[in-house]
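Student: Can you read through this structure? Questions will come right after.
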Amino acid sequence: MNDPKPISLTASELGYLWTGYSINEMSMWYLIMFQKHSKDEDIKNIYDYALENTTKMLQTRKEILSNEDYPVPVGFSESDINKNSSSLFSDRFLLIYLHKATRLGLEFHSKALSLSTRADVRKYNMECLQSAISLYERVVNLLLTKGIYWRTPHLPPPTSPEHIQKSSYLNGWFGSIRPMNSMEIANLYSIIDLLNITETLFIGFAQTTESEEVVDLISDGVTVVKKQSNALCGLLVEEHLPNPPVYSAEITGTKKRVFSDRIIVTHMAGLFGSLLSLYGYSLGSVMKHDLLAAYIAQIAKAGAFSEKVTKFLIKKEWLEKVPGAIQREL
């Protein structure tokens, strides 16, 4: 007797399965190249582990989508990478990049799980989350072992529990202005770190593409992320907190093509999507007017550039359409 056909995927499950496939498939090619470029055996091994996990995720996503008669994204191929290229980034940056990618993966998989209903999809998303946790543990331990991990600052503990007693706690422009709280600090550092990693990637990409229009697009992106990083670092300076490291010195001198323009611009779009998500998430913990205003201003600027990248992808017919609702004429 055949098993009954499972309940159809919900829009939430479909969205995260399909988008997750696109992200995993693109990431796979970056993992392949960065594993190949790494000279440090420990870092090479951890990229092997990440690549193995990603390949398994892709296979299961493909099976679930295909069984529901949804086409899987076309994605990329070996023509989008140059296996004969030289290293574009230092081993140190490759490990830092993987750390940030794993953090973003943890956020994506936890959200996917929280929106899952069907038993097999919940099980799969739990496996993805556990896989991301395992990779995160390995990456952080290796960063610590190699002395690369940069810690956000220590805050002295209060002498006793405190309650907010005045609405001036929300002030950010006038009157008594308080320092940022630990949640505001944590999310601010996370945003700046992504901006600094993005800047390094963009500069490296621009160095290895022969397309002038892609160089121009990347140059605009570098300007946006530099300005945002400087503006947000200014908030840390006002609080007498240290700025996180920048990574532009981790780019090598190679100018030989490493990635195709299509996979470069697609990654750019993904990075700005992650940036906007981080801003949105961080807004929920902001209780200072000036920080709230700063985030809203930067969201508008990041959103404008994200739209520019999306339009570029559409013009080149490089952007795949996410499955959606049927357009009906009434």
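The values are calculated or read from the model by the stated rules, or taken from the named source; none is laboratory data. The model shown is predicted, which means the values in this text are computed figures rather than measured ones. We place every Cβ from the backbone using ideal geometry, glycine too, and count neighbours over all the protein chains shown.
Student: Just for the range 214-267: of the residues that are free of Cβ contacts under 8 Å to residues at least 24 places away in the same chain and in contact with a helix residue (DSSP H, G or I) (Cβ under 8 Å, 6 or more places away or on another chain), which one is surrounded by the fewest Cβ atoms within 10 Å (Cβ to Cβ)?
Tutor: Ser219
Student: Sticking with this structure for a sec: Tally time: how many residues in the range 57-87 are in a helix (DSSP H, G or I) and either surrounded by 14 or more Cβ atoms within 10 Å (Cβ to Cβ) or in contact with a Leu (Cβ under 6 Å, 6 or more places away or on another chain) (or both)? Steps first, answer last, please.
Tutor: Start the filter on the range 57-87 by keeping residues that are in a helix (DSSP H, G or I), which leaves 57-67, 78-80.
Subsequent filtering for residues that are either surrounded by 14 or more Cβ atoms within 10 Å (Cβ to Cβ) or in contact with a Leu (Cβ under 6 Å, 6 or more places away or on another chain) (or both) retains 57-58, 60-62, 64-65, 80.
Residues flagged as in a helix (DSSP H, G or I) and either surrounded by 14 or more Cβ atoms within 10 Å (Cβ to Cβ) or in contact with a Leu (Cβ under 6 Å, 6 or more places away or on another chain) (or both) within the range 57-87 amount to 8.
Student: Among what's in the range 118-156 and is of a type in the set (Ser, Thr, Tyr) and at pLDDT 95 or above, pick the residue that is farthest from the chain's Cα centre (by Cα).
Tutor: Step one: filter the range 118-156 for residues of a type in the set (Ser, Thr, Tyr), giving 124, 131, 134, 136, 145, 149, 152.
Okay, now just the ones that are also at pLDDT 95 or above, so 124, 131, 134, 136, 145, 149.
Values: Tyr124: 21, Ser131: 17, Ser134: 18, Tyr136: 14, Thr145: 24, Tyr149: 18 Å.
Selected residue: Thr145.
Student: Looking at the range 189-228, which of its residues are charged (D, E, K, R), in contact with a Phe, Trp or Tyr (Cβ under 9 Å, 6 or more places away or on another chain) and under 21 Å from Lys315 (Cβ atoms)? Show your work before the answer.
Tutor: Residues of the range 189-228 that are charged (D, E, K, R), as a first pass: 193, 199, 210, 212-213, 216, 220, 226-227.
So of that shortlist, the ones also in contact with a Phe, Trp or Tyr (Cβ under 9 Å, 6 or more places away or on another chain) come out as 193, 199, 213, 220.
Once the filter is applied, which keeps residues that are charged (D, E, K, R), in contact with a Phe, Trp or Tyr (Cβ under 9 Å, 6 or more places away or on another chain) and under 21 Å from Lys315 (Cβ atoms), the range 189-228 yields Glu213, Asp220.
Student: Right, something else. Look through Glu107, Glu41 and report the one residue that is within 26 Å of Val265 (Cβ to Cβ) and surrounded by fewer than 18 Cβ atoms within 10 Å (Cβ to Cβ). Before you say what the answer is, go through the steps one by one.
Tutor: Working: Glu41 fails: within 26 Å of Val265 (Cβ to Cβ).
Glu107 is the lone residue from the list that is within 26 Å of Val265 (Cβ to Cβ) and surrounded by fewer than 18 Cβ atoms within 10 Å (Cβ to Cβ).
Student: Still on this structure, I have one more. Condition first: polar (S, T, N, Q), closer than 30 Å to Leu9 by Cα and part of a loop (DSSP other than H, G, I, E, B). Now tell me which residues in the range 110-159 satisfy that.
Tutor: Taking the range 110-159 and keeping what is polar (S, T, N, Q), we get 110, 114, 116-117, 125, 130-131, 134, 141, 145, 152, 159.
Checking which are closer than 30 Å to Leu9 by Cα leaves us with 110, 114, 116-117, 125, 130-131, 134.
Listed by number, the residues that qualify are Ser116, Thr117.
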